[in-house]
Structure formats: C-alpha cells, structure tokens
Amino acid sequence: MSKMVTKCDDKVIKNPKTPCLNFVHYALGLKELQGKEKENADYLLEVYRKRPKEGCTLVYLCKGTSCLSSGEATLKDKFDEILEKENLTGKVQIMETGCRGFCEMGPLVEIFPAKIFYCQVKPEDVERIVKETILEGKIIDDLLFEGLADPDEIPFYKKQVRRVLENSGLIDAENINEAVANNAYKGLQKALELRPEDVINEVKKSGLRGRGGGGFPTGRKWEITRANKSDVKYLICNADEGDPGAFMDRSILESDPHKLIEGMIIAAYAIGANYGYVYVRAEYPLAVQRLTLAIQQAKQAGLLGKNILNSGFDFDLEIVQGAGAFVCGEETALIASIEGKRGMPSVKPPYPAQKGLFGKPTNVNNVETFANVPLILRNGADWFKEVGTENSTGTKIFALTGKVKHTGLVEVPMGITIREIVFDIGGGMPEGKEFKAVQTGGPSGGCIPAEYLDLPIDYESLKGIGAMMGSGGLVVLDNETCMVNFAKFFLTFTQEESCGKCIPCREGTKRMLEILERITKGQGELEDINRLETLATVIKSTSACGLGMSAPNPVLSTLKYFKEEYLAHIEDKKCPAGSCKYFISYHILPTCRGCTLCARVCPVNAISGERKQVHVIDQDKCIKCGQCYEKCPWNCIAKG
C-alpha cells in the first residue's frame, strides 16, 4: 500500500483544524503555487475530493449527534487500535465527519476511493473491515444496506437531491481546508465581485423562500432591510429549531458550518450589515462547538472579519446560546433574547427589517435559508430553479421521523410527493403497519391523511389542505396512532411553551388542552367539538405572534380529517387506535403458562398467581402501562 497524505504539508496534516493559508488561497484561486508546494496542494485537493491516487484509503466515520449516540466514538478508538496493530497508521486516513443523514443505520462507515458504505458498524466489525476491505479489497456483505455497497444506489439516497447537504457526512466539519477544497466560499467570491443590489436581485431571481416555515421570499426580505437607511444594521441566523422531531439546522451546523458562515457573509454584504449573530439553542453542544471553531478558522483565513478577501467589506459574527424556549423561534422574541431581555414577541409592525436588534434594521433568516445562498451565487439563479416548482424553487430538507422504517435527514426537490418520501426514501411502514397520516410543520403544522399521499410538497399545496411546510419536521404516523392523543401531545407542548404574554394563547390553549384531556379519558361530550373549534378560531385570530396563531393547527387538522376518532372517544367511549390507556384493559388468557414474567415486570404489583398456574390482573390496581402485554413471551395477554 502506498503512502497516504503523509507527504503533504505537515501543517495541514498534523493540524487539520488550523487553516493552511497557502492551501486555502490556492484552492480559492487567489494564489499561485510552484514546484513542491503546488504538487502537495494538488495532491491534497484530490484527497479531500475523495479522489486520492491509487493505493490510498480514506475511511470516513459519521460523527453527527445520532451516530455519536450509537457508538461512533468507540468505533474511532477501535480503528486507531487495529490500524496501529496492522502497521497501517499514517497509511490509512481516518476522518470524522458530520451527519450523513441515514440516522437509522448508524454508526456509518464510508470508504474511499472504493466508495463502500457500511451500516450499523460495531467495534467488533472494525478488524474485519481493516483486514478484508482495506487490505484485501473485499466487500463485507452483512455490513451493507440491502446488499448495496454504493450509497448512491441505496433507496434512502437515490431520490434525494443533496445540494445544501452536498458535503454533509463527506467532509471533516472541523477542517476548513477540506471545506474550501469542496467549494466553500466560492459563492462569496462571486458575490463580492457584484454590487449589493445585484446580489439581492440574483437571490430574488432564484425564487428562494425562507426555509424557517413562513416561506417569505428571501431576496425581498433582504431588499426591504437594505432600503431602510441606518448607520448600523444587523444580521441574525435563527438556529433555535424548537420543533419536536426537527434536527435539520443542527445537522447543517454539525456537518458543514462554513456553508452557513458563507451565506451569512453574502447576506450581510447585500443588506449592508457589518455584524451578525447566530442564535442557537444550548442543547446543541456539538453544533455550537463546530460552529465556534469554524468562525475562528474563517477569521484566521481572512474570510471573516476585516477587509474580507481584500474587498473592503467588514463583517464579524458571534454565537448567542438560547435557553431552549420554543417562543424564541419567533424572530421578535429571539431579538429580545439577544438583547438580554425575556424572550417574548413584540407587536408587528414595526418589523425587524425596520426596527429590530437594538432598534436598528435587522434581517433574520434560518440556517437552511442561509445555507442555500452560496449555492445560488456560485451556480446562478437559473441553476437553482432547475429543481422544484414554479413558486417553490430548490430543495427542502426534512427530518423524517416517526413510524417509518428508515428515519433520518433527507433533502428532496420541492414538489416531491409525500408518498415518495415516506415509501421510496423512508422505506414505508415497519412491521406491516398501515400509513395513517404525516405531521408537517411541528406544533404549528397539521396532519395530512393517507388520501393526500400523492400531494406535492410545496408551500401552496400544503397551505391549501390546512397544513404548512414549517421548518421541516416530518413525523409519520401509523394505524396505531390515536389522532386525538397526538393532537393533545402537540397542544401540551405549545401550551407549556407559551410565553404567557397574550391571553388568547396563554389561556385559550390551556382550555383546549383541558377539553382534549377529558375526551381522551372518556369524559368528553359532543359540545366539546364545537368548543374546540370556537377556541381555535379565537386563538388564531387574536394571538400576539405567529406561534400562538398556529398553536391550534394540529387540533383543527385532526378534527378536519379524523373527526370520527373524536366521535368514537365521545360517543362510543373507545379509542379506535387502541392507544388511549383510559379505554384499554389487559386480561390474562387461560393459555397462561405461569412463567411469572408478567408479575415481575408489573410496576404496581397488580398481577398475582402461582408458578405454572394461570395468573390474574387486578383491574383496580392496573395502571395500563402495557409492560405485561409487551413482555409476555407466549402472547397470553389480551389487550381490549
């Protein structure tokens, strides 16, 4: 096996977290190199672009939050141990990346240039990978996903169009040299060659709409901010991402932080801002760590701070960590939080573009929106519009979660259908379950039933059926999901997260939640449906901010499409999905073998009986937790 990258610049290899200015400026076309320096830089470019010379092996380990929680750190230690044992240290390059997206199958290992993709790798698999794949060139079939070695052929990736996520899981997120080798800051270079007005026009021409949920045209938002004259303007990235089940922004920050920084610099140049903030929740420690490092690297490389790329333009950036308040996802509450005040929304107008942070014109976009901007400037608005629909251009990233076989992060063209995402990409329903609905837009969104499986996902289509795009959470529900209980879950969340400033949201959601609790306990009455609809209408029309206005959406959408479930709870005193515990009872069948396992797992000692004799459940003691039902190895417990 030939040498790896050991012949390249020691500074780059030994200190990958430190920018090598020669290499960065060469990769950006700002500097010419000669002789050995040029040879080394060209070689490193090939390595970073996964095209190393024959004999070189790169092993990429997914180090996103999901794979870390699945044991990636142990995997890395094992690779180091085995490579040293086989005398391969320095000949095989181990690189840790951000999220590759296929979270269900982590930890993930990808080997280049052979392009072999292994799933659910355990430490005990590492020695086989080194000996059989790296040394002998063999593919280990039991580590493949459905027998496929090439990730581009895996159904989860095949229908995706990974633009924003082009580098996610494929570069070391802590190595600015590798980011620049894979086109980071090329869009910024082009932007700085244009007038700010021309940058805004290119973004407007692209049709990019805010990916945070509202879908407001990004270029128009920038135009409004630029038009407001002020000695100081601010730029804010909303990376709060409070929706349950959503992790799009977190993954971008963990996987390709320089894409966000580049997008923010371009936006700042366009609107005339010289200072910016990234407001990110403190519950994202890895994202904060990698973004902090990326900001330091960009400053060291002259890509952030004073006189960026010798353009005369200055822009600096800092991180503000939020305390996890859902309401701080609303832009005026977020601004108040940055100012050191309690995070509460303010009445609009004035809008932040007119009077925002510290009373100055301020532009707020989310992570995914900013991450699209370098692509538009690098490739052009016409290229961006090649994907998507007429009014919803480009791609959208979704966090695919819930009752679906393959959860993870997916980037798809706007206009793709729900069926394609759930069944073609997500693999459909597990264990023979039936698709029931999909929840989009988090607590502010709505539930879309099976009859709309072939609905194209774009802003207008979703709005037309009472749902919304939201930031990108996509929760799949199966036939065992109670829609009344599901609506209650989201309303519980929004009620607890209400800032309490306005009565409609603070009190109205509480009253709605009380009604749902009565219904799921079998204490509901028909008039409760009218009460829910009336309260929802009032809350939507009178709340102070968009979060309050959208809080009733899960209830309204489930009432619209699953009203029969509400009626069953109220009139028939039963839960059609069999999941509301107040309507459930457990009984031990005569076939019971008396193994005593059910009695041992019961947390309240409600099960009695002698060994090898039929056991009995005391219905007065039973809390209907279902532990006995789930643990019985003989299926001797009935649920009714």
From the set of residues in the range 538-558 that are small (Gly, Ala, Ser) and not in a helix (DSSP H, G or I), which is surrounded by the fewest Cβ atoms within 10 Å (Cβ to Cβ)?
ALA544
Got a number for residues in the range 305-324 being outside any strand (DSSP E or B) and either surrounded by fewer than 16 Cβ atoms within 10 Å (Cβ to Cβ) or out of contact with any helix residue (DSSP H, G or I) (no Cβ under 7 Å at 6 or more places or on another chain) (or both)?
8
Could we say that ASN379 is polar (S, T, N, Q) and surrounded by 23 or more Cβ atoms within 10 Å (Cβ to Cβ) here?
no
Matching entry among PHE315, PHE326 (being out of contact with any His (no Cβ under 9 Å at 6 or more places or on another chain) and at pLDDT 90 or above)
PHE315
Members of the range 415-435 that are of a type in the set (Asp, Glu) and either under 14 Å from GLN160 (Cβ atoms) or crowded, with 22+ Cβ neighbours inside 10 Å (or both)
GLU420, ASP424
So, in the range 221-249, exactly how many residues are of a type in the set (S, T, N, Q) and closer than 12 Å to PHE370 by Cβ?
1
Can you go through THR97, THR89 and tell me which one is in contact with a Leu (Cβ under 8 Å, 6 or more places away or on another chain) and under 30 Å from LEU400 (Cβ atoms)?
THR97
For PRO430, the lone unmet condition from (1) touching a Lys or Arg at 6+ places or on another chain (Cβ under 6 Å); (2) within 17 Å of GLY212 (Cβ to Cβ) is (2)
Residue among LYS360, LYS341 that is more than 17 Å from GLY214 (Cβ to Cβ), in contact (Cβ under 8 Å) with a residue 60 or more places away in the chain and of a type outside the set (A, V, I, L, M, F, W, C)
LYS360
Filter pass, LEU317 being within 26 Å of the chain's Cα centre (by Cα) and farther than 25 Å from GLY442 by Cβ:
yes
In a helix (DSSP H, G or I) and among the small types (Gly, Ala, Ser) - does that describe any residue in the range 43-65?
no
Would you be able to tell me the number of residues in the range 562-585 that are within 30 Å of GLY212 (Cβ to Cβ) and surrounded by fewer than 21 Cβ atoms within 10 Å (Cβ to Cβ)?
0
Scan the range 211-244 residue by residue and report those that are out of contact with any helix residue (DSSP H, G or I) (no Cβ under 7 Å at 6 or more places or on another chain) and farther than 25 Å from THR395 by Cα.
ALA227, ASN228, LYS229, SER230, ASP231, VAL232
Quick check, is ALA333 in a helix (DSSP H, G or I) and not basic (Lys, Arg)?
yes
Go through the range 357-376 residue by residue and tally those that are out of contact with any Gly (no Cβ under 6 Å at 6 or more places or on another chain), crowded, with 24+ Cβ neighbours inside 10 Å and either assigned to a loop (DSSP other than H, G, I, E, B) or of a type in the set (Val, Ile, Thr) (or both).
4
For the range 112-124, does any single residue satisfy the condition of being closer than 19 Å to TYR157 by Cα, at pLDDT below 95, surrounded by 16 or more Cβ atoms within 10 Å (Cβ to Cβ) and β-branched (Val, Ile, Thr)?
no
How many residues does the range 410-459 contain that are under 24 Å from ASP152 (Cα atoms) and not hydrophobic (A, V, I, L, M, F, W, C)?
12
Meets criteria (of a type in the set (Asp, Glu), under 22 Å from ALA267 (Cα atoms) and crowded, with 24+ Cβ neighbours inside 10 Å) for GLU339
no
Considering each of ARG128, ARG209 in turn, give the residue that is over 25 Å from the mean Cα position of the chain (by Cα) and not assigned by TED's automatic domain parsing to the domain that holds ALA467.
ARG128
From the list LEU144, LEU83, LEU108, which one is of a type outside the set (Phe, Trp, Tyr) and surrounded by fewer than 20 Cβ atoms within 10 Å (Cβ to Cβ)?
LEU144
May I ask you to list the residues in the range 223-241 that are crowded, with 22+ Cβ neighbours inside 10 Å and touching a Lys or Arg at 6+ places or on another chain (Cβ under 8 Å)?
THR225, LYS233, TYR234, ALA239, ASP240, GLU241
Residue list for the range 1-42, restricted to those being assigned to a loop (DSSP other than H, G, I, E, B) and modelled with pLDDT under 90
MET1, SER2, LYS3, MET4, CYS8, ASP9, ASN15, PRO16, LYS17, THR18, PRO19, CYS20
So if I check each of ALA467, ALA487, ALA437, which one is part of a helix (DSSP H, G or I), touching a residue at least 60 places away in the same chain (Cβ under 8 Å), not polar (S, T, N, Q) and not assigned by TED's automatic domain parsing to the domain that holds MET344?
ALA487
Filter result for the condition that a residue is closer than 27 Å to VAL24 by Cα and out of contact with any Ser or Thr (no Cβ under 9 Å at 6 or more places or on another chain), over ILE295, ILE338:
ILE295
Filter the range 452-464 down to the residues that are assigned to a helix (DSSP H, G or I) and in contact (Cβ under 8 Å) with a residue 12 or more places away in the chain, then identify the one that is nearest to ARG419 (Cα to Cα).
TYR452
Residue check, ASN274 against (1) farther than 18 Å from VAL367 by Cβ; (2) among the polar types (S, T, N, Q); (3) surrounded by 24 or more Cβ atoms within 10 Å (Cβ to Cβ), all met but one. Which one?
(3)
In the list VAL203, VAL161, VAL199, which residue meets the criterion of being within 21 Å of LYS385 (Cα to Cα) and either surrounded by fewer than 20 Cβ atoms within 10 Å (Cβ to Cβ) or in the same structural domain as PRO413 (by TED's automatic domain parsing) (or both)?
VAL161
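The values are calculated or read from the model by the stated rules, or taken from the named source; none is laboratory data. Predicted model only: the values in this text are computed from it and were never measured. All Cβ positions, even for glycine, are placed from backbone atoms using ideal geometry, and neighbour counts span all protein chains on display.
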